[in-house]
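Peer 1: After the structure tokens below, expect a handful of questions from me.
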Amino acid sequence: MALYLLYETSSGYSLFQASGIDEIGQNTEAVRNSVSDLNRFGKVVQLTAFHPFDSALDALNQINSVSEGIMTDELRNFLELNLPKVKEGKKAKFSLGVAEPKIGSHIFEVTKIPCQSNDFVHELLRGVRLHFERFIKDLKPGDLEKAQLGLGHSYSRAKVKFNVNRVDNMVIQAIFLLDTLDKDVNSFAMRVREWYSWHFPELAKIVNDNYLYAKLAKFIDDKSKLSEDKLPELTDLLGDEDKAKEVVEAAKASMGQDLSPIDLINVQQFAQRVMDLSEYRKKLHEYLITKMNDIAPNLASLIGEMVGARLISHAGSLTNLAKCPSSTLQILGAEKALFRALKTRGNTPKYGLIFHSSFIGRASARNKGRMARYLANKCSIASRIDCFSENGTTVFGEKLREQVEERLDFYDKGVAPRKNIDVMKAAIESTENKDTDMETEEATTAPSAKKSKKKKSKSDAAENSELMAEDKPTVNGGASEDAKSEKKKKKEKRKLEQEQAVENSNGTNGVEAEEDGAFL
């Protein structure tokens, strides 16, 4: 049986025929030894056909299809032209050796050409790759390397390129930074409290919020200068007049020690840094919410932006999270407890990061595990919809959230929830309705815009004509009046001529009638 080899290069498709295999024997080691020697290998493998790619873009499309295991039309035509034809109902007397089994199976499904991919074929293809430049005579030295380098860059760039609005790496970095900022802001705020408490210790008991404490520390500065004149500004900061009066009274009878102006300046600067960090933390939180609504809208509407972002960051990406089964998603973040339980043969954890969701907190202690399992199931569905759907909508996430709410009512009150099929059908119908509404809006806006343009053009023309009519008499008014009078005279003459013609026709008719009566 003859063996043909399909070799895909950066410059085109090539087809080789391996002859004399029976003499060598299908021994991988023997082929491996003969590959390095071109004289021996050239007797066994010979070039049958070569089909170059049209352009770099064509090469990229062809290689992308080959990597995905899809046979393109060009490859099919190339194989059908250069391989022996297989008669219907009969077995082929040859086989095609390919590097990837996926594309081999696709070629066999479409063209019924038998394909094989094994170690023996791989060794032959390795020899073809090694001596490919010598098989094709028209190739100049260095051309193949340039083509390989250009195709490699474009292939990698195409694989890395994705939608800028759906970059889940930004969510991962944002949630990590948010966690570190929470720790840093808390530690810095505690340091401000300790530092300023040497000067004004009573303020720490009155104000509990860290951000507000830093604001007051910067505003008060020296407690001895705090008087009732600053009471309105204090009430604006605190939002409570009673607390502001309490701060003023505490400053008057404070037990703290006095600080030098340099120390107070340093405390103020540090309090300002804490305020800036906390404000930046708020902005970062808003940015994370908007990013989650762009990347994973269904997951965010189901479980919340923060918990969804933590799940994505823990899995590594939205694609990895979508690939996880619901049982894995349920215990994401509790790996230590899981392996400890497996090691000690104890009870495995029921939930991981999804414990921070409000649904599990609202469930009773008896139903927390069941609720976590159900919520993980819905989260896996939402993540897959977000990952693999082209249009981002929150419809599925809202419907899944309704299902979780119904499940909570079922556990608490025994109310039967809706079936998953009915809910998904309703979600699909609502998305289709939204798409049709968008299309109708676009269709209606286009003709209305055209009509408005036509109206504008007509109004502009009318205005221009009026302006021209107004401008004409100002330039030569006498000439225009003469032209009008001449037109009127012409119209009057035409009317007189028409009236005379009508009278003449009536007169002739009357004469004819009289003549007819005389004859009768």
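Peer 1: For the range 35-45, in order, what is each residue's ³J(HN,Hα) by Karplus, 6.51 cos²θ - 1.76 cosθ + 1.60 with θ = phi - 60°, in whole Hz (x at glycine and Pro)?
Peer 2: 5, 5, 8, 5, 5, 6, 5, x, 6, 8, 10
Peer 1: How far apart, in nm, are two points set 7 Å out from the Cα along the Cα-to-Cβ line at N64 and at H285?
Peer 2: For N64 paired with H285, the spin-label model returns 4.2 nm.
Peer 1: Of the peptides 301-314, 58-71, 139-152, how do they stack up when ordered by the mean number of other Cβ atoms within 10 Å, highest first? The partial results should precede the final answer.
Peer 2: Details: 301-314: 23.3, 58-71: 16.8, 139-152: 12.9.
Going from most to least packed, we get 301-314, 58-71, 139-152.
Peer 1: Please give the contour-minus-distance gain from K252 to V110: 0.36 nm per residue of separation, less the Cα-Cα distance, rounded to one decimal in nm. Don't skip to the end; give the middle numbers.
Peer 2: Details: separation 142, 0.36 × 142 = 51.12 nm, distance 9.19 nm.
The span from K252 to V110 would gain 41.9 nm if fully extended.
Peer 1: Follow-up. Sorted by packing (mean other beta-carbon atoms within 10 Å per residue), highest first, where do 377-385, 321-329 land?
Peer 2: Output ranking for 377-385, 321-329: 377-385, 321-329.
Peer 1: In whole Hz, with x marking every Gly and Pro, tabulate ³J(HN,Hα) for the range 261-277 from phi via Karplus 6.51 cos²θ - 1.76 cosθ + 1.60, θ = phi - 60°.
Peer 2: x, 5, 5, 5, 5, 5, 5, 4, 4, 5, 5, 5, 4, 5, 5, 4, 5
Peer 1: F53's amide H: which non-local residues (gap 5+, or another chain) put their own amide H closer than 5 Å, with H modeled 1.01 Å from N in plane and none for Pro or chain starts?
Peer 2: Residues meeting the amide H criterion: G12, Y13.
Peer 1: In addition: Each residue of the range 287-293 in order: what ³J(HN,Hα) in whole Hz does its phi give by Karplus 6.51 cos²θ - 1.76 cosθ + 1.60, θ = phi - 60°, with x for Gly and Pro?
Peer 2: Listing the rounded values in order: 4, 5, 5, 5, 5, 5, 5 Hz.
Peer 1: Return the Rg/Rh value of the range 98-142, two decimal places, where both radii are evaluated on C-alpha atoms and Rh is the Kirkwood radius. It would help to have the intermediate numbers written out before the result.
Peer 2: Details: Rg = 13.7 Å, Rh = 12.2 Å.
Taking Rh as the inverse mean 1/r over Cα pairs, Rg/Rh reads 1.13.
Peer 1: For the range 75-202, what percent of Cα pairs sit more than 26 Å apart?
Peer 2: Values: 4913 of 8128 pairs.
Percentage above 26 Å: 60.
Peer 1: Collect residues whose amide H, placed 1.01 Å from N in the peptide plane, falls under 5 Å from the amide H of L5; neighbours closer than 5 in sequence don't count.
Peer 2: Hits under the 5 Å cutoff: F16, Q17, A18, G97.
Peer 1: A further question follows. Evaluate the distance, in nm, between pseudo-label points positioned 7 Å from the Cα of E241 and of R273 along their respective Cα→Cβ axes.
Peer 2: Calculated label separation equals 3.9 nm.
None of the figures in this text is laboratory data; all of them are computed from the coordinates on show. Predicted model, so just to flag it, every value in this text is computed and none were measured. Note that each Cβ is placed from the backbone with ideal geometry, even for glycine, and that neighbours are counted across all protein chains shown.
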